[in-house]
1. In the stretch 187-215, how many residues are modelled with pLDDT of 95 or more, touching a helix residue (DSSP H, G or I) at 6+ places or on another chain (Cβ under 9 Å) and surrounded by fewer than 17 Cβ atoms within 10 Å (Cβ to Cβ)?
2. For residues in the stretch 18-57 being closer than 25 Å to Ala308 by Cα and aromatic (Phe, Trp, Tyr), which is nearest to the chain's Cα centre (by Cα)?
3. Would you check if Phe9 is among the aromatic types (Phe, Trp, Tyr) and surrounded by 20 or more Cβ atoms within 10 Å (Cβ to Cβ)?
4. Give me the pairs, please: first residue somewhere in the stretch 292-307 and without any contact (Cβ under 8 Å) to a residue 40 or more places away in the chain and outside the structural domain of Gly67 (by TED's automatic domain parsing), second residue anywhere and among the small types (Gly, Ala, Ser) and not in a helix (DSSP H, G or I), beta-carbon distance under 7 Å, and either six or more positions apart or on two chains.
5. So, of the residues in the stretch 362-376 that are more than 17 Å from the chain's Cα centre (by Cα) and surrounded by 21 or more Cβ atoms within 10 Å (Cβ to Cβ), which turns out to be nearest to Trp32 (Cα to Cα)?
6. Any idea which residue in the stretch 90-119 is surrounded by the most Cβ atoms within 10 Å (Cβ to Cβ), counting only those that are touching a helix residue (DSSP H, G or I) at 6+ places or on another chain (Cβ under 9 Å) and not in a helix (DSSP H, G or I)?
7. For a quick check of your reading of the model, give me the residue pairs whose first member lies in the stretch 54-65 and is in the same structural domain as Leu90 (by TED's automatic domain parsing), whose second is of a type in the set (D, E, K, R), with beta-carbon atoms closer than 6 Å and at least 6 apart or on different chains.
Amino acid sequence: MTSPRSVPFFELGFRPFFLGAAVFAPLAIVLWILSLRIDLELAFRYDAQSWHVHEMLFGYGSAVLTGFLLTAVPNWTNRPPLSGWALIVLFAVWILGRVAMITPLPPLVAIVCEGLFLPMVLGVMAREVIAGRNWRNMAVLIPVSLFTLANIGFHVETLTEGYAATTIRLGFAALIFLLMLIGGRITPAFTRNWMIQKGVEPKPPMMNRFDGVCLVSGLISLLAWVFLPEWTGTGVVLLLSATLHLMRLARWGGWRTRVNPILFALHVYYAMIPVGLTAIALGVFDPAYATAGLHVIGIGAIGGMTLAVMMRASMGHTGRPLVSDIRLTLALTCIIAAVIARFLWASFPNIDWMLDLAALFWIAAFGLFIIRIGPWMFKPRLS
């Protein structure tokens with residue numbers, strides 16, 4: 001009898017969770033658009049918009065985050081990765097959460113089923129980091145913990161207040177900060193390695209105090225936005241943080257990587273963070289900008305960076321060269337097109353078909369990922 005540990009699909013966390021996220025991302029958007037166009041009933045205890053926000057943020061976002069952490073943490077700690085039955089159970093709990101959000105289960109049962117996943121992930125990560133005495137990466141557990149609390153808080157706030165405005169912002173803030181922290185570490189590192197191989201100068205600087213200032217400013221501005229979204233001072237600190245992160249991005253010299261689409265995409269999508277923060281800052285004065293900013297970050301920064309990381313990690317960990325082809329390059333381009341279309345719809349809501357166009361580009365991006373990379377997830381790593 002074949003052991004689950006020997007099945008390629010369950011030998012490392014990126015395989016089930018990246019593929020699961022890639023399948024769920026377009027499916028959730030199809031259901032969301034259908035709910036708007038033909039009044040499809042999406043959820044039995046939340047309105048359709050709450051379901052949409054939750055599932056893109058805590059459904060898709062948690063799957064990609066888990067796939068990344070389950071693959072990266074063993075490298076950080078030099079401990080064996082989660083695999084076999086343990087990985088199957090964790091993946092099944094994530095699927096259970098998606099089912100619980102769309103079926104008529106009793107509210108408490110649904111909340112327990114959906115809210116179980118992230119605490120399990122947090123527990124696994126904490127165990128591995130502590131057992132591996134990898135204190136340097138303990139900082140990653142802080143935003144993951146906030147993301148976990150935000151998900152639980154979403155259910156409580158929605159059922160008590162009607163709409164989970166504060167905990168949705170907290171969930172966004174946790175993911176944005178993770179992008180600032182992890183994305184701000186891997187993007188210049190990958191760029192530096194590529195430039196060394198190609199003999200390109202000057203190389204991006206290593207992490208230093210300026211990066212620390214950027215992270216602190218990001219944390220302060222995001223917390224201000226979570227708890228004081230309408231305060232003028234929040235707009236000021238968001239603009240300051242956006243400026244610092246643009247300066248941080250410029251120091252990496254990403255324009256020199258444009259011949260490498262997957263690497264260049266990381267720089268482009270990181271730019272969506274300061275662009276989105278700027279729009280959210282303007283949202284203090286006009287809520288339409290805040291909605292546009294959230295989608296710039298949600299589609300461009302979170303969706304784009306996670307898609308590019310899923311591509312790169314899947315290639316590296318299945319033994320493929322880190323080279324994009326026409327399908328993957330088109331997928332990366334579709335994310336940018338989706339950002340533009342969704343931003344325009346936020347600015348001109350009367351052009352209703354612009355929302356459908358944004359959805360189409362999003363679906364195409366992940367569909368291309370599934371077609372090109374999906375089969376690799378079931379095959380052994382190439383030697």
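The values are calculated or read from the model by the stated rules, or taken from the named source; none is laboratory data. All of these numbers come straight from a predicted model, not from anything done at the bench. Glycine also receives a Cβ, built like all others from the backbone with ideal geometry; neighbour counts cover every protein chain displayed.
1. Looking only at that region, the number is 2.
2. Here the residue is Phe18.
3. Numbers: among the aromatic types (Phe, Trp, Tyr): yes; surrounded by 20 or more Cβ atoms within 10 Å (Cβ to Cβ): no.
For Phe9, the condition - among the aromatic types (Phe, Trp, Tyr) and surrounded by 20 or more Cβ atoms within 10 Å (Cβ to Cβ) - is not met.
4. Gly293/Gly283
5. Leu368
6. Of the stretch 90-119, the ones touching a helix residue (DSSP H, G or I) at 6+ places or on another chain (Cβ under 9 Å) are 90-91, 93-105, 107, 109-119.
Among the residues that remain, those that are also not in a helix (DSSP H, G or I) are: 101-105, 116.
Working: Met101: 25, Ile102: 17, Thr103: 12, Pro104: 10, Leu105: 17, Leu116: 15.
The extreme case among them is Met101.
7. What qualifies is Gly59/Arg98.
Okay, residues lined up against (1) in a helix (DSSP H, G or I); (2) surrounded by fewer than 23 Cβ atoms within 10 Å (Cβ to Cβ):
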position: Gly300; (1), (2): yes, no
position: Met315; (1), (2): yes, yes
position: Val323; (1), (2): no, yes
position: Ile336; (1), (2): yes, yes
